[in-house]
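Only the coordinates and a few stated rules stand behind these numbers; no lab work does. What you see is a predicted model; the values in this text were computed from it and never measured. No Cβ is skipped: glycine too gets one built from the backbone with ideal geometry, and neighbour counts run over all protein chains shown.
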Amino acid sequence: MTQPHPLPRLSAVAADYDILLCDVWGVIHNGRESWAAACDALTKFNEKGGHVVLISNSPRPSSDVVAQLDGLGVPRSAWKAFVTSGDATRMELARRAPGPAWIIGPERDFALYEGLDLTDAHGAEDAAFISVTGPYDDTTETPEDYRERLAPAAERGLELICANPDRVVQRGDTIIYCGGAIADLYESMGGRVIMAGKPFAPIYALALKEAEKLLGGPADRSRVLCIGDGVVTDVLGAAEQALDCLFIAQGIHGDAAKAADGTLDPARAAELLRAETTFARYAALELTW
């Protein structure tokens, strides 16, 4: 695999693309504050005739996450459409209604289940499947806290539907576990896992459908650029969809792709990607115009 091309400014390639499929957490905010430079870059892309579709592994429906973006100061001018893993996962859950489903995750994610007529099983014993959005308490819990509770479900062969494939995200200065880390544990125990968010195809199908609404016709996939900081979600997903990708190397990977002088080291960025057998066309430490 070759090294990604360093791309310090989005404006250098903006004319080559009609659509940006842009990750949210780790690219335009960190859960505590938004980043003005990234928001400005997306706004300018929109102003120059492009179309930004936000594509997030949030386990909640996109309509429920907009208020969070507003609260973090992400301007509406920075995006034109928004799809989440929650949107894609609702289709999987609807196929399995009424369940019963053993629902694992905090109350703030319950919008995922609204209108689906799912019955809550409250445990593995009488569940038809498991639905995970994340730990009940992501400030204190780790995936290992779920091993004993998940063992009976794995023994029964229950499917686990994971609404957030992210393993970790950065909240302020803290790394917290997400649903994908619990799904990994369950899979290591022999359990079956279904995911619709990044890097899997369903969320990209939804995002490209939104892009085509904005374009008023079919999207030329060679003119779609994915942007994200997650190697096993954003970058791998783009690669599997044969879409160009800008890897934001300073997200959840911190300083791992920095040279000694604080600039991007393309070789170190390539190593991060190579470890997951994937590749990005471009890399930058942060998103700027």
Requested in this report: With a point put 7 Å past each Cα toward its Cβ, work out how far Glu276 is from Asp16 in nm, to one decimal.
Outcome: 2.1
Query raised in the report: What is the Rg over Rh value, at two decimals, for segment 58-220, using alpha-carbon atoms and the Kirkwood definition of Rh?
Result: 0.99
Report summary line: To the nearest 20 debye, segment 58-220 has a Cα-centred charge dipole, built from +1 on Lys and Arg Cβ and -1 on Asp and Glu Cβ, of 580
Report task. Name the residue farthest towards the positive end of the dipole of the chain from the options Leu185, Cys226, Cys162, assuming +1 on Cβ of Lys and Arg, -1 on Cβ of Asp and Glu, about the Cα centre. Result -> Cys226
Query raised in the report: Counting only residues 5 or more places away or on other chains, whose amide H sits under 5 Å from the amide H of Arg171 once H atoms are built in the peptide plane?
Result: Ile176
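If you rank Ser85, Ser11, Ser131 by fewest surrounding Cβ atoms within 10 Å, what's the result?
Taking fewest neighbouring Cβ atoms as first place, the list is Ser11, Ser131, Ser85.
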Report summary line: Cross-link reach from Lys198 to lysines, straight Cα distance under 16 Å and at least 8 residues apart if same chain, gives Lys209
Query raised in the report: Over the chain, what per residue volume does the convex hull of the Cα atoms give, in whole Å³?
Result: 125
Requested in this report: Neighbouring Cβ atoms within 10 Å as the yardstick, rank Phe82, Phe200, Phe110 fewest first.
Outcome: Phe110, Phe200, Phe82
Report task. Work out, step by step, the length gained on full extension between Thr174 and Arg108: first 0.36 nm times the residue separation, then minus their alpha carbon distance; give nm to one decimal. Result -> 21.8 nm
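Given the -39500 (n - 2.57) contribution per DSSP H run of 4+ residues, what per-residue ellipticity at 222 nm results for the chain, rounded to the nearest 500 deg cm²/dmol?
Values: 8 runs with 83 residues, N = 289.
Calculated from helices alone, the mean residue ellipticity at 222 nm is -8500 deg cm²/dmol.
Which percent, nearest 5, of DSSP beta bridges in the chain are antiparallel?
Details: 6 of 40 bridges.
Restricted to the chain, the bridges split so that about 15 percent are antiparallel.
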